[in-house]
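Down below is the structure, laid out as structure tokens.
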Amino acid sequence: MPRRSYAYARVRYGPPVAPVRPALPLTGLPPGPRCAPLLQAALWNRRAQWLLGQCARRFGDTFTLRIAGQGTWVVISHPRDVETAFKADPEIARAGEGNRILEPLVGPHSVLVLDGRAHLRERRLMLPAFHGARMASYRELIAGIARAEIDRWPRGEPQRLRPRMQALTLEVILHAVLGVSDPARREELRRALRRLLAMGTDPRWGAVFVTLGSEHLERFGPFRRVRDPVDRLIYAEIAERRGEDRDGVDGDGRADIMSMLLSARHEDGSPMSDAELRDELVTLLVAGHETTANALAWAAERLARHPAMLARLAEEARAGGESAYVSAVVQETLRLRPVISIVQRVLAEPFSVAGYELPAGTVLVPALYLVNRRADVYPDPERFDPERFLGRPPGTYTWIPFGGGVRRCLGAAFAQFEMETVLHELAARAHIAPVRAGSEPVLRRAVTETPRHDAEVLIS
Ligand code: HEM
């Protein structure tokens, strides 16, 4: 079947970056709600997890959503089908195409927006920097930043921990990813990055991205005024590091991710270009900051309501060495409160899954929110119970908060390690209690699912 054409959209609006995907005819597709695509889009943008839950109850493991402007989604949640999707040929099941809307921000070389061979080429270059074995080298750095932040938190009055976790994870990223040593440049970057990263959770910016597309966004002054200062600072840092490398000063001694990328080589022996490096660094900042901050906020929201678990974490932290319980707490938080609800693969060719032959142009959507709370895998799935992971590692296709296959989150080991380290420090240094009765509901901010009251707690 030929690829779908978006010609009509081009004639009317000029070349869109995130192509307007027309809905496909429903014949031969799984069942789904029959309400208008505009209404489905509105529900998706406001209450994505509720919509997924309702559809799963009504239609089962596989259903079709038609989201205005984003085409026809076939949502899957059976582990067998998720495995099929994650093992699909990456030239056919294309995640980069689904992320294309981010291109003005992360750039055309970003691992997030590439597909097929080009994607694998970039990903291979970046993988060694995120290998699990490297994580221990970040322990002291992350623990030090966490201690300093937590000790600054005011005691005895209600505090919203989400913004505080954002500050903490930004500091970790500035040090671990960029390794900026000059305090003045670090402060400038901190300020510029805060503005850039805030775009990711501001629905008004989301609307600007969708409406303008990258061609027009490139020329949109307010966007350039947020993005360009970050680029200027990152390019300055790259130039300085390349200079250090040439002079043999310090270049090899650094443990940050940027240094690893500077010395990485493509298969033909060539290093990353400045533009490539800039794009991957911004990608890591965008993909790694808000996600980890929200996951930490959710962990705090859950733990504040489970004092016995908090006490057990504190005990483990003080004993040192062991980290089995904190790992289980992190895994359970990401299972029950995933910060991202779905991943996407845009089909470039017809593809068979869940008993359906899906036409090219369909967006295949493994719903990690639904997979992570399947009652046949997780008895009493709504219960927050870290014990279910003690001595039982999560399954590759039944616990998927980081997606899967060749697109699985590059920073998964880093994020889990960071969360474990921060939660140990938190439990050992402070006690948190909920400010209001009952769990915090989920509030969708752009693409991330956050605690509605920003994980408001009383710290003592
Ligand atoms: C709790 C925190 C995090 C969560 C829940 C999360 C989740 C995800 C998810 C769901 C994907 C898409 C996977 C797919 O399509 O199958 C992804 C991709 C990605 N994440 Fe994360 N992430 C987190 C933290 C991080 C961190 C700390 C970094 C880096 C410092 C990072 C870097 C990336 C990158 C580069 C990709 C694109 C991978 C590719 O397309 O090959 N993430 N993440």
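The values are calculated or read from the model by the stated rules, or taken from the named source; none is laboratory data. This one's a predicted model, so the numbers in the text were calculated from it and none came from an experiment. In this analysis, Cβ positions are derived from the backbone assuming ideal geometry, glycine residues included, and neighbour counts consider all displayed protein chains. For accessibility, only protein heavy atoms count, side chains too; no ligands or nucleic acids. Shrake-Rupley method; radii C 1.70, N 1.55, O 1.52, S 1.80 Å.
Any idea which of 423, 358 is in contact (Cβ under 8 Å) with a residue 60 or more places away in the chain and more than 16 Å from the ligand (Cβ to nearest atom)? It would help to see each step written out before you state the result.
Working: 423 fails: more than 16 Å from the ligand (Cβ to nearest atom).
Among 423, 358, only 358 is in contact (Cβ under 8 Å) with a residue 60 or more places away in the chain and more than 16 Å from the ligand (Cβ to nearest atom).
Collect the residues in the stretch 399-429 that are farther than 27 Å from residue 149 by Cα and open to solvent by less than 30 Å² (accessible area, probe 1.4 Å), keeping them in residue-number order.
Residues satisfying the conditions are 399, 400, 403, 404.
So residue 94 clears everything in (1) surrounded by fewer than 23 Cβ atoms within 10 Å (Cβ to Cβ); (2) charged (D, E, K, R); (3) within 16 Å of the ligand (Cβ to nearest atom) except one condition, right? Which one?
(1) is the only condition that residue 94 fails.
Scanning for something modelled with pLDDT of 90 or more, among the hydroxyl-bearing types (Ser, Thr, Tyr) and assigned to a loop (DSSP other than H, G, I, E, B), does the stretch 251-260 turn up at least one residue?
no
Of everything in the stretch 177-193 that's within 16 Å of the ligand (Cβ to nearest atom) and not in a helix (DSSP H, G or I), which residue is modelled with the highest pLDDT?
179
Within the stretch 438-460, restricting attention to residues that are over 19 Å from residue 336 (Cβ atoms) and not in a strand (DSSP E or B), which residue is modelled with the highest pLDDT?
Among those that are over 19 Å from residue 336 (Cβ atoms) and not in a strand (DSSP E or B), it is 460.
Collect the residues in the stretch 371-387 that are touching a helix residue (DSSP H, G or I) at 6+ places or on another chain (Cβ under 7 Å), open to solvent by less than 30 Å² (accessible area, probe 1.4 Å) and more than 12 Å from the ligand (Cβ to nearest atom), keeping them in residue-number order.
378, 384, 386
Which one is nearest to residue 348 (Cα to Cα) among residues in the stretch 100-123 that are within 11 Å of the ligand (Cβ to nearest atom) and free of Cβ contacts under 8 Å to residues at least 60 places away in the same chain?
Among those that are within 11 Å of the ligand (Cβ to nearest atom) and free of Cβ contacts under 8 Å to residues at least 60 places away in the same chain, it is 115.
Just name the residue that is farthest from residue 326 (Cα to Cα) out of those in the stretch 261-310 that are of a type in the set (D, E, K, R) and outside any helix (DSSP H, G or I).
First, pick out the residues of the stretch 261-310 that are of a type in the set (D, E, K, R): 265, 267-268, 274, 276, 278-280, 290, 301-302, 305.
Then keep just the ones that are outside any helix (DSSP H, G or I); that gives 265, 267-268, 305.
Values: 265: 36, 267: 39, 268: 42, 305: 16 Å.
Residue satisfying both the conditions and the ranking: 268.
I need every pair where a residue in the stretch 269-293 that is among the polar types (S, T, N, Q) has its Cβ under 6 Å from the Cβ of a residue that is in a helix (DSSP H, G or I) and modelled with pLDDT under 95, sequence separation at least 6 or different chains.
As it stands, the answer is 283/106, since those pairs meet every condition given.
So residue 270 clears everything in (1) open to solvent by 60 Å² or more (accessible area, probe 1.4 Å); (2) out of contact with any helix residue (DSSP H, G or I) (no Cβ under 8 Å at 6 or more places or on another chain) except one condition, right? Which one?
With (1) open to solvent by 60 Å² or more (accessible area, probe 1.4 Å); (2) out of contact with any helix residue (DSSP H, G or I) (no Cβ under 8 Å at 6 or more places or on another chain) applied to residue 270, the lone miss is (1).
Might you check whether a residue that is out of contact with any Leu (no Cβ under 8 Å at 6 or more places or on another chain), farther than 27 Å from residue 134 by Cβ, part of a helix (DSSP H, G or I) and at pLDDT below 90 occurs anywhere in the stretch 162-176?
Looking for residues that are out of contact with any Leu (no Cβ under 8 Å at 6 or more places or on another chain), farther than 27 Å from residue 134 by Cβ, part of a helix (DSSP H, G or I) and at pLDDT below 90, one finds none in the stretch 162-176, hence no.
Quick grid of which residues meet (1) closer than 29 Å to residue 431 by Cβ; (2) surrounded by fewer than 20 Cβ atoms within 10 Å (Cβ to Cβ):
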{"residue": "277", "(1), (2)": "no, no"}
{"residue": "287", "(1), (2)": "no, no"}
{"residue": "300", "(1), (2)": "yes, no"}
{"residue": "307", "(1), (2)": "yes, yes"}
{"residue": "310", "(1), (2)": "yes, no"}
{"residue": "357", "(1), (2)": "no, yes"}
{"residue": "365", "(1), (2)": "no, no"}
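Can you tell me which residues in the stretch 68-91 are away from the ligand (no atom under 14 Å from the Cβ), open to solvent by 40 Å² or more (accessible area, probe 1.4 Å), more than 14 Å from residue 367 (Cα to Cα) and touching a residue at least 60 places away in the same chain (Cβ under 8 Å)?
Those that are away from the ligand (no atom under 14 Å from the Cβ), open to solvent by 40 Å² or more (accessible area, probe 1.4 Å), more than 14 Å from residue 367 (Cα to Cα) and touching a residue at least 60 places away in the same chain (Cβ under 8 Å): 69, 70, 91.
Please enumerate the residues belonging to the stretch 286-295 that are within 8 Å of the ligand (Cβ to nearest atom) and either in contact with a Ser or Thr (Cβ under 8 Å, 6 or more places away or on another chain) or not aliphatic (A, V, I, L, M) (or both). Before you say what the answer is, go through the steps one by one.
Keep residues of the stretch 286-295 that are within 8 Å of the ligand (Cβ to nearest atom), which gives 287-289, 291-292, 294-295.
Correct list: 288, 289, 291, 292, 294, 295.
Within the stretch 232-252, can one find any residue that is within 16 Å of the ligand (Cβ to nearest atom), open to solvent by 30 Å² or more (accessible area, probe 1.4 Å), touching a residue at least 40 places away in the same chain (Cβ under 8 Å) and at negative phi?
Checked the stretch 232-252: no residue is within 16 Å of the ligand (Cβ to nearest atom), open to solvent by 30 Å² or more (accessible area, probe 1.4 Å), touching a residue at least 40 places away in the same chain (Cβ under 8 Å) and at negative phi.
Looking at the structure I just gave you, is residue 282 within 20 Å of residue 233 (Cα to Cα) and open to solvent by 10 Å² or more (accessible area, probe 1.4 Å)?
In short, no.
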